Amino acid sequence: MLDERNKTIFVAGASGAIGRRLCRLLVGDGWSVIGTTRSAEKASSLRAIGVEPVIVDVFDEELLRSAFRVARPDVVVHQLTDLPLALNPAKMPEAKIRNARIREIGTRNLVAAAVATGVKRMVAQSIAFAYAPGPIPHREDSPLNLSDPDFGLTARAVASLEAQVLGAPFEGIILRYGKLYGPGTGFDKPPTGGPVHVDAAADAARRAINRGEAGVYNVAEEDGTVSSDKAVEILGWKPDFRIDNAR
């Protein structure tokens, strides 16, 4: 397990919907949090909640590696996405392509920088709605929907992200999140098909930083679509967690 004397953590995608909520939790837990963003404006908002911001694009390999050499974290949390608020249908076709590139090439760069600086554990965001049609609830060993003509790009990018993280020489934990709702997502109510509140998603990452063996964990509310029994049992995760109600 982690050396409690080193409580520096690197959050890639710290200004995103989950990343920002997670950073609040980690700062409250006493971590020294280094958080990435591509925006100077968002860097200021991260600093306001106690995060040391780093303005870097995950596709800039040299700058990313430099940021890691300065931070020297034991743990990395990969929360990088590039999606429009509320998954705006008009913007989603291009966003899917950008997001797939982040999951494939961005993850490759992030893993390489982490390995080069001796990171011990990486917790990475994936999705719990990329499963192929089949018996439900889907569990972590259910196949992904890789051959679907409409969803295949997303599923293959997810598979690439997961394989890169799990195949690296550190402890890799994949959190397959359900469909997000709550602050910063553009959705106020839980959608159908395995939802998860953004606060509960952040708490799952917080728990995975210190708990659980390497592997894949579904993280979604139980509605018959996805089973999150593994996350509940091993990570101690609770789908009803909310930051405003946390002690």
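For this structure, a couple of remarks:
- Options Val123, Val119; residue that is in contact with an Asp or Glu (Cβ under 7 Å, 6 or more places away or on another chain), crowded, with 22+ Cβ neighbours inside 10 Å, β-branched (Val, Ile, Thr) and within 18 Å of Asp74 (Cα to Cα): Val119
- If you go through the range 115-130 and keep only what is in a loop (DSSP other than H, G, I, E, B) and either at pLDDT below 95 or not charged (D, E, K, R) (or both), you end up with Thr117, Gly118, Val119, Ala128, Phe129, Ala130.
- The set of residues in the range 129-167 being among the small types (Gly, Ala, Ser), within 26 Å of Ile209 (Cβ to Cβ) and touching a strand residue (DSSP E or B) at 6+ places or on another chain (Cβ under 7 Å) consists of Ala130, Ser142, Ala159.
- The range 212-247: number of residues that are open to solvent by 50 Å² or more (accessible area, probe 1.4 Å), over 20 Å from Gly182 (Cα atoms) and not in a loop (DSSP other than H, G, I, E, B): 5
- Subset of the range 53-71 [open to solvent by 70 Å² or more (accessible area, probe 1.4 Å) and either among the hydrophobic types (A, V, I, L, M, F, W, C) or within 19 Å of Met122 (Cα to Cα) (or both)]: Ile55, Glu61, Leu63, Arg65, Arg69, Val70
- Scanning the range 230-247 for residues being in contact (Cβ under 8 Å) with a residue 60 or more places away in the chain and under 19 Å from Gly194 (Cβ atoms) gives a total of 1.
- Once the range 72-112 is narrowed to residues that are part of a helix (DSSP H, G or I) and on the phi > 0 side of the Ramachandran plot, the residue that is surrounded by the fewest Cβ atoms within 10 Å (Cβ to Cβ) is Ala86.
- Checked against (1) more than 30 Å from Gly30 (Cα to Cα); (2) in contact (Cβ under 8 Å) with a residue 24 or more places away in the chain; (3) open to solvent by 40 Å² or more (accessible area, probe 1.4 Å), Asp148 meets all criteria but (2).
- In the range 3-49, the residue that is nearest to Ala200 (Cα to Cα) out of those that are open to solvent by 60 Å² or more (accessible area, probe 1.4 Å) and of a type in the set (A, V, I, L, M) is Ala48.
- Meets criteria (more than 15 Å from the chain's Cα centre (by Cα), modelled with pLDDT of 95 or more and not small (Gly, Ala, Ser)) for Arg242: yes
- Scanning the range 157-170 for residues that are within 16 Å of Gln125 (Cβ to Cβ) and open to solvent by 10 Å² or more (accessible area, probe 1.4 Å) returns Ala159, Ser160, Glu162, Ala163, Gln164, Leu166, Ala168.
- Qualifying residues in the range 182-205 (those that are within 17 Å of the chain's Cα centre (by Cα) and over 14 Å from Arg21 (Cβ atoms)) - the one surrounded by the most Cβ atoms within 10 Å (Cβ to Cβ): Gly194
- Selection within the range 16-38: residues that are part of a loop (DSSP other than H, G, I, E, B), more than 12 Å from the chain's Cα centre (by Cα) and not hydrophobic (A, V, I, L, M, F, W, C). The member of this set that is farthest from Asp74 (Cα to Cα) is Arg38.
The values are calculated or read from the model by the stated rules, or taken from the named source; none is laboratory data. As the structure is a computational prediction, the values presented were derived from the model and not from experiment. As a convention, Cβ positions derive from the backbone with ideal geometry for all residues, glycine included, and neighbour counts pool all protein chains shown. To get the accessible areas, we keep the full protein, side chains included, count just its heavy atoms, and leave off ligands, DNA and RNA. Shrake-Rupley method; radii C 1.70, N 1.55, O 1.52, S 1.80 Å.
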